[in-house]
Amino acid sequence: MLDLLRVKNFAIIDSLEVRFEPGFNALTGETGAGKSILVDALHLVLGGRAQADSVRTGAEEAEVEALFRPRDPEALDARLVALGLPAGGEELLVRRTVQREGRSRAFVNGALATASQVQQATKGIIDISGQHEHVGLLDPHSHLELLDVYAQLGAQRQAYEAAFMKLAEAEKARAALDSSESARAERAEWLRWQLDELVKIDPKPGEDDKLASERKLLAAAEKLRGGAEEAEESLRSGEGAAVERASRALKRLDELAQIDPQLAPLALSVRGAVAELDEAGRALGKYAARAGGDPARLEELDERLELLRKLARKHGGTLAAALEKRTSMQAELDALGNHGEELARRGAEVQKRALEALKLGRVLSEKRASAAAGFAKAVASELSALGMAKSELSIRFSPVTEGGIPGPDGSVLGARGLETAELLLSPNPGEELRPLVRIASGGELSRVLLAVKKVLAEGDPVDGYLFDEVDAGIGGATADAVGRALTSVAKRRQVLCITHLPQIAAFAVRHLVVEKEVARGRTQSRVSPVEGDARVHELARLLSGHVTDAALEHAHELLAKANETREIKSRKRAG
């Protein structure tokens, strides 16, 4: 659920903090007071697109921060860790900032995140249903999703989609191989040309590093020879060499050891040092004799290294990548040479994957068909409570015809199954069932959407709903029914509802009023909870536009009726 929303320098909002409660929360206020701005702020913190013009005039940066308390903290933490974000346990804190020049930043539990990561992190936290979703409900593409949620087919759907993905990959590989003969010939010729160069140069693993080390030594040959000669002279053959001076010291120590035996061990150590210095000098002399530049070999190395570098640049940037490319190109060329056999193997793989997907797809289709009548009946029942008592609802299935892969039985396998689904509605007796786009008004769509949400409340994994303008095109008794429906949904999910109707707002357990005021020459929005008399006055304002005695009396009646309804439902649940 959404526990806290903080907004700063966003549109006409200077700074505000809004706390929400579990259950039904209503937000009311005059048109233009800033209710839609709160929805925009929530969209932003859920990973929506940042807009530079959302920064309040005179400010350099807008900031939106939301604190959520997930229903399943362990599942959310697992998702956060998979996204590379820190777990939050019982809380999820998301913050978005937008700078005037358009740059934005996002933070999840204090860690910097991308907008995409924010979308994934907050997925399932809150579902915003507004006029845009009323339009979305007209898209039959979404209807199959609704049915699958109702029937709780998540596991079966996931299994089918995994099988379809394997089928799609197999079909893609088969289609690529089954190209025209001329295209295959061109591809084979190009592969031979590429491989010919690799075969002629015949690079070996690690050869570039080995040759580079040898070149380094050759390039420094003169320096190495001179240094070795100089070191040999200092140790052995030069005037005052270390070996000569150490030998004189040894001779003197031997004489002294005849007088004091304690010096014998030191003489022995010096004797060993003299021997080691002499051996080192001899080795340096031999090294200096061998060391020397080889211009021909250096040129040979430069030419070879340049060839290897060209190969690396051409085939992935490294010699190792070029060697891997040689292996893969040879394998592809071999496959093209055995085109018939390989095409048959690929075709068999497609058939195998198609049978696996078809088997899972049929199970999915059967479960959808079994659930369709129950779903339609449940939504129709909810519509009846929402003032559309004579409505009839049905689901029409159609086989997939476009964008799929042919199955072994002549059917077409689509990414979501073997069929599409579309909700059909007859809002009045005697009218034939037709697609929603052809008959539903704005008010009817609002009620269909709410009815669907209520039916899906058990299986829908979403923590909470935000209904924006769900009261469009309705009033009177229908508004009362919508309020009751929202109360029912709020038993299982947190509900936030932006409404203009007092019949709906009266059912809320927390009533928030959005107001616009002018302070120090600047317009700003503020949000305040209302209780007691203040709430009665707000309901009276919604009823008549002005707070009159009659409106106040009616507001009291609405609250009393809503409280009575909640108490009755509470007693029924307890019983």
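Tabulated data for the structure shown
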| quantity | calculated |
| --- | --- |
| Filtered residues of region 511-546 (kept if assigned to a strand (DSSP E or B) and more than 17 Å from Val39 (Cβ to Cβ)) | His511, Glu517, Val518, Ala519, Arg522, Thr523, Gln524, Ser528, Pro529 |
| Region 105-142, residues that are assigned to a helix (DSSP H, G or I), modelled with pLDDT of 80 or more and over 30 Å from Glu356 (Cβ atoms) | Ala115, Ser116, Gln117, Val118, Gln119, Ala121 |
| Whichever residue in region 143-174 is within 21 Å of Ala354 (Cβ to Cβ) and out of contact with any Lys or Arg (no Cβ under 9 Å at 6 or more places or on another chain) and, among such residues, is surrounded by the fewest Cβ atoms within 10 Å (Cβ to Cβ) | Gln158 |
| Some residue of region 345-356 being buried (at least 18 other Cβ atoms within 10 Å of the Cβ), in contact (Cβ under 8 Å) with a residue 24 or more places away in the chain, closer than 30 Å to Ser213 by Cα and of a type in the set (Gly, Ala, Ser) | no |
| Test result for Val412, surrounded by 14 or more Cβ atoms within 10 Å (Cβ to Cβ), out of contact with any Asp or Glu (no Cβ under 7 Å at 6 or more places or on another chain) and farther than 25 Å from Leu456 by Cβ | yes |
| Filtered residues of region 214-235 (kept if within 30 Å of Arg248 (Cα to Cα) and surrounded by fewer than 13 Cβ atoms within 10 Å (Cβ to Cβ)) | Gly226 |
| Contacts under 8 angstrom Cβ, first residue in region 46-60 being under 12 Å from Ile13 (Cβ atoms), partner in a helix (DSSP H, G or I) and at pLDDT below 90, 6 or more apart | Ser54/Asp40 |
| Test result for Glu186, modelled with pLDDT under 90 and under 25 Å from Glu332 (Cα atoms) | yes |
| Criterion (within 31 Å of the chain's Cα centre (by Cα) and either part of a strand (DSSP E or B) or not aromatic (Phe, Trp, Tyr) (or both)) met by exactly one of Ser365, Ser398 | Ser365 |
| Options Leu263, Leu277, Leu284, Leu253; residue that is surrounded by 16 or more Cβ atoms within 10 Å (Cβ to Cβ), modelled with pLDDT under 85 and assigned to a helix (DSSP H, G or I) | Leu284 |
| Of residues in region 520-550 being among the aliphatic types (A, V, I, L, M) and touching a residue at least 60 places away in the same chain (Cβ under 8 Å), the one surrounded by the most Cβ atoms within 10 Å (Cβ to Cβ) | Leu542 |
| Filtered residues of region 488-510 (kept if out of contact with any Cys (no Cβ under 7 Å at 6 or more places or on another chain) and assigned to a helix (DSSP H, G or I)) | Ser488, Val489, Pro502, Gln503, Ala505 |
| Matching residues in region 152-162 - criterion: being touching a Gly at 6+ places or on another chain (Cβ under 8 Å) and either among the aliphatic types (A, V, I, L, M) or part of a helix (DSSP H, G or I) (or both) | Arg157, Tyr160 |
| Condition met for Ala231 (modelled with pLDDT of 85 or more, of a type in the set (A, V, I, L, M, F, W, C) and under 27 Å from Leu218 (Cα atoms)) | yes |
| Ala479 vs. criteria surrounded by 24 or more Cβ atoms within 10 Å (Cβ to Cβ), over 34 Å from the mean Cα position of the chain (by Cα) and hydrophobic (A, V, I, L, M, F, W, C) | no |
| Hits in region 294-329 - residues which are surrounded by fewer than 16 Cβ atoms within 10 Å (Cβ to Cβ), of a type outside the set (Gly, Ala, Ser) and within 24 Å of Leu177 (Cα to Cα) | Glu324, Thr327 |
| Criterion: at pLDDT 90 or above, surrounded by fewer than 20 Cβ atoms within 10 Å (Cβ to Cβ) and among the aliphatic types (A, V, I, L, M) - qualifying residue of Leu80, Leu93 | Leu93 |
| Yes/no for Glu341 being under 60 Å from the mean Cα position of the chain (by Cα), in a helix (DSSP H, G or I) and acidic (Asp, Glu) | yes |
| Selected residue [closer than 24 Å to Leu543 by Cβ and modelled with pLDDT of 90 or more] from Ala66, Ala26, Ala33 | Ala26 |
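The values are calculated or read from the model by the stated rules, or taken from the named source; none is laboratory data. Keep in mind that what you see is a predicted model, and the values were worked out from it rather than measured. Glycine gets a Cβ as well: all are built from the backbone with ideal geometry, and neighbour counts include every protein chain shown.
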